[in-house]
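The structure appears below as structure tokens.
Bear in mind that the values in this text are calculations on the coordinates, not laboratory data. Computed from a prediction, not measured in an experiment: that's the story for all the values here. Ideal geometry is used to build each Cβ from the backbone, glycine not excepted, and the neighbour counts take in all protein chains shown.
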């Protein structure tokens, strides 16, 4: 049995109008997604389906948290994630996604699984950098190591700029003389 079958919305038997669906997403959801970049997360998802005669409108409201790795100290950090968006489903001859807001389903389809959409919306809503809100929550030992290596790296770069190869100095003199 498909673990994501709970996220299938059977729209053929529904009357025109709005229909609400609620999903609690936990670790099992992300485990069921193949090659998931999210290892741990807790979300509440509300999907409002507005069924019309020629199309479906899906409004998503996603709120929750993802457990990520802090980009500063490599410790675990809880990152809040939220998303509000809309997808239109139209009917045609074959499946297509002409843009990021429209999905075309074949006329004979009677249901649609929103699991992949929910996963994608969560992933694109995550911040580019995951860090603790204040440095006090970062692992002090790791921060000290980073400072130690950053300072050493900076000093080495300055030494390289100061000490140049004498052959290059001679070439620079030739170049300077030719510009005169």
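Would you point out the residue of the range 67-83, among those that are in a strand (DSSP E or B) and touching a helix residue (DSSP H, G or I) at 6+ places or on another chain (Cβ under 9 Å), that is nearest to residue 132 (Cα to Cα)? Within the range 67-83, the match that is nearest to residue 132 (Cα to Cα) is 77.
Quick check on the range 99-116. Is at least one of its residues more than 22 Å from residue 6 (Cβ to Cβ) and surrounded by 12 or more Cβ atoms within 10 Å (Cβ to Cβ)? Yes, because at least one residue in the range 99-116 is more than 22 Å from residue 6 (Cβ to Cβ) and surrounded by 12 or more Cβ atoms within 10 Å (Cβ to Cβ).
If the condition is being over 15 Å from residue 119 (Cα atoms) and surrounded by fewer than 17 Cβ atoms within 10 Å (Cβ to Cβ), then the range 81-95 contributes 88, 90, 91, 92, 93, 94, 95.
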